[in-house]
1. Filtering segment 136-181 down to residues that are closer than 13 Å to A82 by Cβ and either part of a loop (DSSP other than H, G, I, E, B) or touching a Leu at 6+ places or on another chain (Cβ under 6 Å) (or both), which residue is modelled with the highest pLDDT?
2. Just to be sure, is K87 among the basic types (K, R) and at pLDDT below 80?
3. Any residue at all in segment 47-65 that is assigned to a helix (DSSP H, G or I), of a type outside the set (D, E, K, R) and at pLDDT below 80?
4. Would you point out the residue of segment 155-175, among those that are of a type in the set (D, E) and in contact (Cβ under 8 Å) with a residue 24 or more places away in the chain, that is nearest to F116 (Cα to Cα)?
Amino acid sequence: MKSKFEDIIRSQRHQLDVENPDDALIWEGIHQEIGRKRTIRNNYFWKAAAILVFLAASGYVFYHEFVAPKQNIYNITLGEIAPEYAKQVLNYQTEIDEKWGEFSRVKSEKSVDLTFYFKEMDQLDQMFRQCQEDFYQIGSNERLIKAMLDNYEKRVRILDRMLMEIQKQKDYEERQKQIEL
């Protein structure tokens, strides 16, 4: 096969070797290419398919992000997870509600800076939500239940500290008034 090709090249060598190119022939070819109108193939089918794929993907994302009801895993209570702890959780929640009520009654206008405690409460909220997510993903677990109970206990302690800080501030203000008198 190779020898046939080489033979053809050797026999046509005189036509391939051109010392001076034919300028008129070259410019004629260029002129014909410029004069020819290019036809643009409109591929309506592919354009329509691309648009349909885009719309379908956008609709899917829109539905699942904005329209579809999301499962609210944050409504799972510890009493639902472990019924034997329901009474203990109820006691913690009652105590927390009482402490918040006391906090709102005792809080003065010139209260001490409690932002640190509020940040701790926010962190506890995040940890509790994480425990609820973990329960939703892996199911009931003794360590998870203990962590949720510990979370309630820490909330009570933080509220106690907040109330003690407010009481210390009020005691300090009273001592200052007595000293001034």
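The values are calculated or read from the model by the stated rules, or taken from the named source; none is laboratory data. For clarity, every value in this text was computed on a predicted model and none was experimentally measured. Positions of Cβ are backbone-derived with ideal geometry, glycine not excepted, and every protein chain shown enters the neighbour counts.
1. Filtering segment 136-181 for residues that are closer than 13 Å to A82 by Cβ and either part of a loop (DSSP other than H, G, I, E, B) or touching a Leu at 6+ places or on another chain (Cβ under 6 Å) (or both), the one modelled with the highest pLDDT comes out as M148.
2. No.
3. As a first pass, look at segment 47-65 and keep what is assigned to a helix (DSSP H, G or I): 47-65.
Right, trim to of a type outside the set (D, E, K, R) and you get 48-64.
If we keep only those that are at pLDDT below 80 too, we end up with 64.
Yes: segment 47-65 contains one or more residues that are assigned to a helix (DSSP H, G or I), of a type outside the set (D, E, K, R) and at pLDDT below 80.
4. Residues of segment 155-175 that are of a type in the set (D, E), as a first pass: 160, 165, 171, 173-174.
In the following step, the residues that additionally are in contact (Cβ under 8 Å) with a residue 24 or more places away in the chain were identified as 160, 165, 173.
Working: D160: 14, E165: 12, E173: 22 Å.
Filtering first and then ranking leaves E165.
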